[in-house]
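Below is one structure, written out as structure tokens, with a few remarks after it.
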Ligand SMILES: Cc1ncc(COP(=O)(O)O)c(C=O)c1O
């Protein structure tokens, strides 16, 4: 896809792109005597999460298909765990594109307020039905009315390719710039769609063929779990689908990926611990990634490097929950 042409045609899209990505890759606390842990700080993106990159990619694919028709005629539909809806609603408001989101009824008030401010339409699905039904509801809406353009983050390859070409390529370049860090030995990332895990893995494999890949999902519904979906609280933006369903991007590399789980209470503890150690606020999926990366690093020698990603800085509700609201 020719993103540069889209940016020229839609100046607001270009302005968003100019502020996107090139986030810092920073050393974070690791285990005593183990490998170094480096993390990509994704809250530095314009709307505050790694999903800003995905919003740019998915909307780009819709703009491309829409061609020369007026933007007022483009109506995009997507389901989201939160961050993608936040990023897309911003981008769509800037471009004058109508946006509609299917979300779980467990979505935080802060997100619903932002979406309302930006004029986005919202459909809530009962949280007890799990994320799988959030996805299904969006598919049903798109099937019933072809006027909606479903972006479909779990299957839209623009998601995967952009993660490879931006987040992954940036990490390879940034590792090369660090003194004494010749390679990545392991890559740890939480799985929502798996776009981050697999996209970045592909970029890292090109530079460091022996890199290990570790996917992280909530203990309450791990990757590929045969259990039915559930409404249990889980750390942010991630999770298995239930009923044995596996995320399509991850299945492309199933035999190469190790899986770990982190419970919601443990992820919240991780947010507090990281905050105590560094003074920096990271979200619950970032904490799950950091805890897992640190555990992997503890099994490796000090000369090794584990790379992970900190997808966002957490929601106000998550910080309230651990008694550290602002
Ligand atoms: C906070 C957070 N962490 C992790 C992820 C997982 O990202 P991916 O969909 O690339 O697997 C998301 C995706 O929405 C997210 O919002």
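No value in this document is a laboratory result; all are computed from the given coordinates. As the structure is a prediction and not an experimental result, all values here were calculated from the model. Please note: Cβ atoms are built from the backbone with ideal geometry, for glycine as well, and neighbour counts cover all protein chains shown.
Observations on the model:
- Taking each DSSP H run with n ≥ 4 as -39500 (n - 2.57) and averaging over every residue of the chain yields -12500 deg cm²/dmol at 222 nm.
- Listed from fewest to most Cβ neighbours within 10 Å, the set 68, 2 follows the order 68, 2.
- Pairs of Cα atoms nearer than 8 Å and 6+ residues apart set the relative contact order; for the range 56-107 it is 41 percent.
- When peptides 100-106, 45-51 are sorted by average Cβ neighbour count within 10 Å, with the highest value leading, the order is 45-51, 100-106.
- Principal axis box of the range 52-150, alpha-carbon based, largest edge first, Å: 42, 28, 21
- Ascending count of other beta-carbon atoms within 10 Å, so fewest first, for 191, 257: 257, 191
- Distance from the C-alpha centroid of the range 130-147 to that of the range 1-52: 29 Å, rounded to the whole angstrom.
- Shape parameters for the range 69-223, alpha-carbon atoms, Rg then Dmax in Å: 18.0, 56
- Stretchable slack from residue 246 to residue 71, in nm (0.36 nm times residue separation minus alpha-carbon distance): 59.5 nm
- Over all pairs of different C-alpha atoms in the chain, the reciprocal of the mean inverse distance, the Kirkwood hydrodynamic radius, equals 19.8 Å.
- Bridge type composition, the chain - antiparallel percent by DSSP, nearest 5: 15
- Computed over the chain: relative contact order in percent, which uses C-alpha pairs under 8 Å that are six or more apart: 21
- Antiparallel DSSP beta bridges within the range 1-101, as percent of all bridges there, nearest 5: 50
- Residues considered: 154, 259, 66. Largest GNM mean-square fluctuation over the chain, using C-alpha springs under 10 Å, is found at 66.
- Annotation for the range 207-223 versus the range 154-191: alpha-carbon center distance of 13 Å.
- Build a GNM of the chain with springs between Cα atoms under 10 Å apart, and of 238, 89, 110 the one that fluctuates most is 110.
- Per residue, the convex hull spanned by the alpha carbons of the range 277-326 comes to 83 Å³.
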